[in-house]
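The values are calculated or read from the model by the stated rules, or taken from the named source; none is laboratory data. This one's a predicted model, so the numbers in the text were calculated from it and none came from an experiment. Positions of Cβ are backbone-derived with ideal geometry, glycine not excepted, and every protein chain shown enters the neighbour counts. The area values use the complete protein model at the heavy-atom level, side chains included, leaving out ligands, DNA and RNA. Shrake-Rupley method; radii C 1.70, N 1.55, O 1.52, S 1.80 Å.
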Amino acid sequence: MKRRVGIFGGTFNPPHVGHVSAAKAFSEQAKLDELIIMPAFIPPHKAYDSVVSCDQRLEMCKIAFSGINNAIVSDHEIARGGTSYTYITLQELSSDDTELYFLCGTDMILTMDHWKNPDIIFKLSTIVLALREDITEEISKQISLAKDFYEKNYSAKIIVLKNRPITVSSSELRSAILSGEDASAFLTKPV
């Protein structure tokens, strides 16, 4: 029987309650044996310019996700350096005794065909979608079209989590903190 390993990658600058909630739903609903939290070194999909170091992001992740029993925080992409492409990480973690699951948010699933080597991503993993916001009819239609496209063109396996989205983003939190606003409702206290 293959081990079910989930990968939750991102910048995590900072990791917030939305990340933690999605990770818990991911672990439980995908019945994961292990959940790897994988902070990116250089994310390919967004500009990254921060005074927060990789070590600080790793430490915040260890704190934020510590309540999830099967979660480990990995420095794999940070140690590798360079742009953190998902297909490379999946190739490096792939093995005959492992079934990989890759968590992504609504914004990411709609653009996965533009990622580097999406065919490898879809071949090596089951995509698990965690909703990041309350779903409108328009977003639901976009997700359905994307899912159909990936299944038809890449033989993709896609699961949609039944999670309660927490609408918050790390960039909004950074802006709030920099402007002196209280962001504690969206961060675990130690973070």
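Find the helices (runs of 4 or more DSSP H) located wholly in the stretch 1-96 whose residues include 2 or more that are within 29 Å of Ala183 (Cβ to Cβ), and list them.
Values: elements: 17-29, 54-64, 76-80, 86-93.
Where helices (runs of 4 or more DSSP H) fall fully within the stretch 1-96 and carry at least 2 residues being within 29 Å of Ala183 (Cβ to Cβ), they are 17-29, 54-64, 76-80.
For (1) out of contact with any Leu (no Cβ under 9 Å at 6 or more places or on another chain); (2) at pLDDT below 75, each residue gets a yes or a no:
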position	(1), (2)
Gln142	no, no
Arg164	no, no
Ser169	yes, yes
Leu173	no, no
Leu187	no, no
Pro190	yes, no
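Could you list, in sequence order, the residues of the stretch 10-21 that are of a type in the set (A, V, I, L, M, F, W, C) and open to solvent by 10 Å² or more (accessible area, probe 1.4 Å)?
Val17, Val20
Yes or no, residue by residue, for (1) open to solvent by 60 Å² or more (accessible area, probe 1.4 Å); (2) outside any loop (DSSP other than H, G, I, E, B); (3) of a type in the set (A, V, I, L, M, F, W, C):
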| residue | (1), (2), (3) |
| --- | --- |
| Lys116 | yes, no, no |
| Ile135 | yes, no, yes |
| Tyr150 | no, yes, no |
| Asn153 | yes, yes, no |
| Lys162 | yes, no, no |
| Glu172 | yes, yes, no |
| Ile177 | yes, yes, yes |
| Gly180 | yes, no, no |
| Lys189 | yes, no, no |
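Is it true that Ile72 is closer than 22 Å to Pro39 by Cβ, open to solvent by 20 Å² or more (accessible area, probe 1.4 Å) and at pLDDT 95 or above?
Details: closer than 22 Å to Pro39 by Cβ: yes; open to solvent by 20 Å² or more (accessible area, probe 1.4 Å): yes; at pLDDT 95 or above: yes.
When the stated conditions are applied, Ile72 passes them.
Just one of (1) modelled with pLDDT of 95 or more; (2) more than 12 Å from Gly9 (Cβ to Cβ) trips up Leu103, so point out which.
(2)
Are any residues in the stretch 118-133 closer than 20 Å to Ala30 by Cβ and assigned to a loop (DSSP other than H, G, I, E, B), and if so, which ones?
Matches in the stretch 118-133: Leu131, Arg132.
Checking Leu110 against (1) more than 18 Å from Gly6 (Cα to Cα); (2) loosely packed, with under 12 Cβ neighbours inside 10 Å, only one condition comes out false. Which one?
(2)
List, please: which pairs have Cβ atoms under 6 Å, are six or more places apart or on different chains, and start with a residue in the stretch 174-186 that is within 12 Å of Pro15 (Cα to Cα) and end with one that is aliphatic (A, V, I, L, M) and outside any helix (DSSP H, G or I)?
So the pair list comes out as Phe186/Val168.
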